[in-house]
1. Scan region 38-48 residue by residue and report those that are outside any loop (DSSP other than H, G, I, E, B), of a type outside the set (Val, Ile, Thr) and without any contact (Cβ under 8 Å) to a residue 12 or more places away in the chain.
2. Residue 94 fails exactly one of the following numbered conditions: (1) closer than 18 Å to residue 24 by Cβ; (2) touching a Ser or Thr at 6+ places or on another chain (Cβ under 6 Å); (3) modelled with pLDDT of 90 or more. What is the number of that condition?
3. If I filter region 46-57 for residues that are more than 20 Å from residue 1 (Cα to Cα) and in contact with a His (Cβ under 9 Å, 6 or more places away or on another chain), do I get at least one hit?
4. Do we find that residue 74 is under 19 Å from residue 20 (Cα atoms) and not assigned by TED's automatic domain parsing to the domain that holds residue 31 in this structure?
5. Taking region 65-122 as the region of interest, how many residues are within 30 Å of the chain's Cα centre (by Cα), of a type in the set (D, E, K, R), more than 24 Å from residue 54 (Cα to Cα) and in a loop (DSSP other than H, G, I, E, B)?
6. Which is hydroxyl-bearing (Ser, Thr, Tyr) and exposed (fewer than 12 other Cβ atoms within 10 Å of the Cβ), of 34, 114, 7?
7. Count, please, the residues in region 1-27 that happen to be touching a residue at least 12 places away in the same chain (Cβ under 8 Å), closer than 15 Å to residue 44 by Cα and charged (D, E, K, R).
Amino acid sequence: MTWFYKSHTGAEYGPVSPVELLDLIRNGTLLRDSLVKKDDSQWVKVEEVNGLLANAAKPSIAYFCPTCGKQVSKPPTRCHRCELHVDKPTQKLVQHDLDEVDRKARKAIAKEKSAIKETRKPEASRTSAEEYRSGSSGATSSNVAVQSTAKESGSFGATWLSWLRKKR
């Protein structure tokens, strides 16, 4: 049995095993309202799948490298930090607070979205050709900028200025 999931951006991922699906919930990749599906079934929210959140909230065993303390996968494995082979790791019982994980993940997503919005904002001083053509409120100050540019840039600026005057 394999699972597929959609990220908060709508990208589809999978297949993943049931154990990997639980890990995705525990680390905040999948939220309560994230969409998942089993094999060829319909997409449903994580919270609507019977027992999925309950199983994700159960304590689990985590394995750690005895040398450096970094979390490792189930042994036998290799620690990615100290590059040692790990046969007998330190084991810890880990409690999973899904509400806290959900809160942190949503905060990170909101921060990511606001950063994307900031990069997409146009500069306040820049005006577009559409403003020149439509005669919007910024056209008079833009016209002054075009006139000064025409004087500075020679024939190209003069051509632009004459085109602008014809359009009005």
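1. 48
2. Unmet for residue 94, out of (1) closer than 18 Å to residue 24 by Cβ; (2) touching a Ser or Thr at 6+ places or on another chain (Cβ under 6 Å); (3) modelled with pLDDT of 90 or more: (3).
3. There is at least one residue in region 46-57 that is more than 20 Å from residue 1 (Cα to Cα) and in contact with a His (Cβ under 9 Å, 6 or more places away or on another chain).
4. The answer is yes for residue 74.
5. Of the residues in region 65-122, 3 are within 30 Å of the chain's Cα centre (by Cα), of a type in the set (D, E, K, R), more than 24 Å from residue 54 (Cα to Cα) and in a loop (DSSP other than H, G, I, E, B).
6. 114
7. 1
Matching residues to (1) part of a strand (DSSP E or B); (2) touching a Pro at 6+ places or on another chain (Cβ under 6 Å); (3) of a type in the set (Asp, Glu):
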residue	(1), (2), (3)
5	yes, no, no
10	no, no, no
20	no, no, yes
30	no, no, no
33	no, no, yes
36	yes, no, no
50	no, no, no
56	no, no, no
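The values are calculated or read from the model by the stated rules, or taken from the named source; none is laboratory data. Keep in mind it's a predicted model, so treat the numbers as computed, not measured. Note that each Cβ is placed from the backbone with ideal geometry, even for glycine, and that neighbours are counted across all protein chains shown.
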